[in-house]
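For reference, the structure is listed below as structure tokens.
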Amino acid sequence: MKKMTFNKRDFMLRASFFIFVIAIWHFTVKMFDISSLVFPAPAGVIAALYKGIVSGEYLLHTGVTLYETLMGFAIGAIIALILGGLIGQIRILEKILYPYIVAFQAMPKVAIAPLFVAWFGFGVTSKIIITATIVFFPILANTIVGLRSAPREQIEMMTAFTASPWQMFQMVRFPHALPYIFAGLDIGIVLAIIGAIVGEFVGAQAGLGYLILQRNFSMDITGVFAILIVLSAIGIGLHTIMKIIAKRTIYWSETSEDLRQQ
Amino acid sequence: MSAFTTNGIDTKVKNASAFCFQDINKNYQSRDGLNVSALSNINFEVFKKEFVTVVGPSGCGKSTLLKILAGIVNASSGRIEINGMPQKGPSSEIGVVFQNPVLLPWRTILNNVLIPAEIQKRDIKESRKKAYELLDMVGLKGFETKYPKELSGGMQQRVGIARALINDPSILLMDEPFGALDAMTRELMNMELLRLKKRIGATIMLVTHSIPEAIFLGDRVIIMSPRPGCVEEIMDIDLPYEKELSIINSEHFGVYDRHIRNAFNSKAGLD
């Protein structure tokens, strides 16, 4: 997707394109005299964004959403990694568990979100649980695939040097699975924000999803746009952090980008 | 000829047995459910400090034979003795060099060499010292902290050799170790392997499909034929112990070469 290299020409090109997009946006809105109730102009959005930031309102709601996102991600990821580790190693577990996991995955999480709110209330707990369920599957699937895809020749090499199953896991299967696991985590972190917002839409007292609904009800479309930008920024931020961690951890892999699935 | 008696095998007084194959058979089910025989009645013995090469066309089961000895593949029937003891699975007495060097990309060269030592839970300080020595011996001094992808194919194979030797195995198995290298590097590696052989004192079995390589390296050449894989002939090679590459052009070498080629051709004619 993106290379992290900081190329001056690249940067100029990107900056000019950004300005170009904003300009098109601005002139289109002005030219057709579109009401800010339908599609606000960039200047208004930026003003709303500024106001939201300095008033401290965004800070509070971003904090709530970020907390739900990260907690849900952590819980979903840990369960997925443990379960994926077990299923990846013990074949019979896959036969027993996988039908249920797939059935659960097939249920749209948006459809079961109201249930979680009914069970766990309007606070952060229900959002964390919804997020965890959304994050769970891609990480689980990638972990299993990663653990199973160690090349046969590496397994044979370890066998020839008398490796035990645990040594095989620790020295070959697990490191080999890491690029896959990080691809899963990267998908998971972006899905986590969706999970938190979906949860807040169903019923919440705070958070950016809650704030979007508020703005929408009061016909403050400019405000909605400003919050969408905040959400995007959070998404990009979390994705970037994940990429950096992945790059540090799986320094040997050049193909982690190609392993993105789903 | 002093080197001959101290390091090499004496052709008259054989050393003790390093390993032997007794009635080894290997069958497997093909995709259409047929029972295919990959190896049939393999019987031969290799003596301590001997260098045997196994040569044969692809599909003759020579790699399978090596993997059975290494304990990676199970034989369908028959038995193997290693140093007089029946073989049960992989053994720390054996070091294996694979065709594709099979280095782990996340480990440095030094840590790749240390894999068998870690598996065997040997003293890590001693092993590191040994790894440095081995890397020096295979000509990779200074590459210890590099990663496999930074090395050429020939260099990676040297790492594979150092790794196979880290636990001082009494038997070194080499599965077409130079098959993926270009002809020049290959000849160079052959020379170096002979030099290495004198220093390590292990029994070596090397599998190859190159007839000149088999003759050049082996004290004996095991000639195998395919369908089913079986030992066609075992040929003693009587070439000077201190070999030079130029020996390949000698009359004597040519006789061996033609003999093996004829063995293959007559077999192929029967197909």
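Tell me, please, whether a residue that is assigned to a helix (DSSP H, G or I) and not β-branched (V, I, T) can be found in the range B:218-240. It would help to see each step written out before you state the result.
The initial filter retains those residues of the range B:218-240 that are assigned to a helix (DSSP H, G or I), namely none.
Looking through the range B:218-240, none of the residues is assigned to a helix (DSSP H, G or I) and not β-branched (V, I, T).
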I need the full set of residues from the range B:85-97 which are under 12 Å from B:I72 (Cα atoms) and either of a type in the set (F, W, Y) or open to solvent by 70 Å² or more (accessible area, probe 1.4 Å) (or both), in order please.
B:K88
Listed residues A:L213, A:L185; which is closer than 28 Å to A:A132 by Cβ and either hydroxyl-bearing (S, T, Y) or without any contact (Cβ under 8 Å) to a residue 24 or more places away in the chain (or both)?
A:L213
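Can you pull out the residues in the range B:78-89 that are out of contact with any strand residue (DSSP E or B) (no Cβ under 9 Å at 6 or more places or on another chain) and within 14 Å of chain A (Cβ to nearest Cβ)? If you could, list the steps in order and put the result at the bottom.
Of the range B:78-89, the ones out of contact with any strand residue (DSSP E or B) (no Cβ under 9 Å at 6 or more places or on another chain) are B:85, B:88-89.
Once the filter is applied, which keeps residues that are out of contact with any strand residue (DSSP E or B) (no Cβ under 9 Å at 6 or more places or on another chain) and within 14 Å of chain A (Cβ to nearest Cβ), the range B:78-89 yields B:K88, B:G89.
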So A:Q89, is it more than 22 Å from the chain's Cα centre (by Cα) and within 14 Å of chain B (Cβ to nearest Cβ)
no
What is the residue count in the range B:134-163 for residues that are in contact (Cβ under 8 Å) with a residue 12 or more places away in the chain, under 21 Å from B:L188 (Cβ atoms) and either within 14 Å of chain A (Cβ to nearest Cβ) or β-branched (V, I, T) (or both)?
11
Take the range B:148-202 and flag every residue that is open to solvent by 30 Å² or more (accessible area, probe 1.4 Å), touching a strand residue (DSSP E or B) at 6+ places or on another chain (Cβ under 9 Å) and over 27 Å from B:W106 (Cβ atoms).
B:S170, B:I200
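Could you list, in sequence order, all residues of the range B:36-67 that are among the basic types (K, R) and closer than 15 Å to B:I223 by Cβ? Spell out how you get there, then give the answer.
Quick first cut of the range B:36-67, residues among the basic types (K, R) only: B:48-49, B:62, B:67.
Correct list: B:K62 only.
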Considering each residue of the range B:90-130, count those that are within 7 Å of another protein chain (Cβ to nearest Cβ), at pLDDT 90 or above and touching an Asp or Glu at 6+ places or on another chain (Cβ under 9 Å), and give that number.
3
State the number of residues belonging to the range B:38-67 that are surrounded by fewer than 23 Cβ atoms within 10 Å (Cβ to Cβ), in a helix (DSSP H, G or I) and more than 14 Å from chain A (Cβ to nearest Cβ).
0
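Only one of B:A75, B:A131, B:A70 is in contact (Cβ under 8 Å) with a residue 60 or more places away in the chain, crowded, with 20+ Cβ neighbours inside 10 Å and over 19 Å from B:R220 (Cβ atoms); which? Before you say what the answer is, go through the steps one by one.
Details: B:A75 fails: in contact (Cβ under 8 Å) with a residue 60 or more places away in the chain; B:A131 fails: in contact (Cβ under 8 Å) with a residue 60 or more places away in the chain.
Answer to the selection: B:A70.
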For the range B:86-130, how many residues are basic (K, R) and closer than 16 Å to A:T162 by Cβ?
3
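When residues of the range A:75-113 are filtered for being farther than 20 Å from A:S126 by Cβ and assigned to a helix (DSSP H, G or I), how many remain? Can you show your working first?
Narrowing the range A:75-113 to residues farther than 20 Å from A:S126 by Cβ: A:81-103, A:106.
Now narrow it down to the ones that are assigned to a helix (DSSP H, G or I): A:81-89, A:91-103, A:106.
The number of residues fulfilling the criteria is 23.
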Tally the residues that are under 23 Å from B:G71 (Cβ atoms) and not small (G, A, S), restricting the search to the range B:108-129.
10
Out of contact with any helix residue (DSSP H, G or I) (no Cβ under 7 Å at 6 or more places or on another chain), of a type in the set (A, V, I, L, M) and away from chain B (no Cβ under 14 Å) - does that describe any residue in the range A:144-166?
no
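The values are calculated or read from the model by the stated rules, or taken from the named source; none is laboratory data. For clarity, every value in this text was computed on a predicted model and none was experimentally measured. Here Cβ is always computed from backbone atoms with ideal geometry, including for glycine, and neighbour counts include all displayed protein chains. We work out accessible area using only protein heavy atoms, side chains counted, and drop any ligands, DNA or RNA first. Shrake-Rupley method; radii C 1.70, N 1.55, O 1.52, S 1.80 Å.
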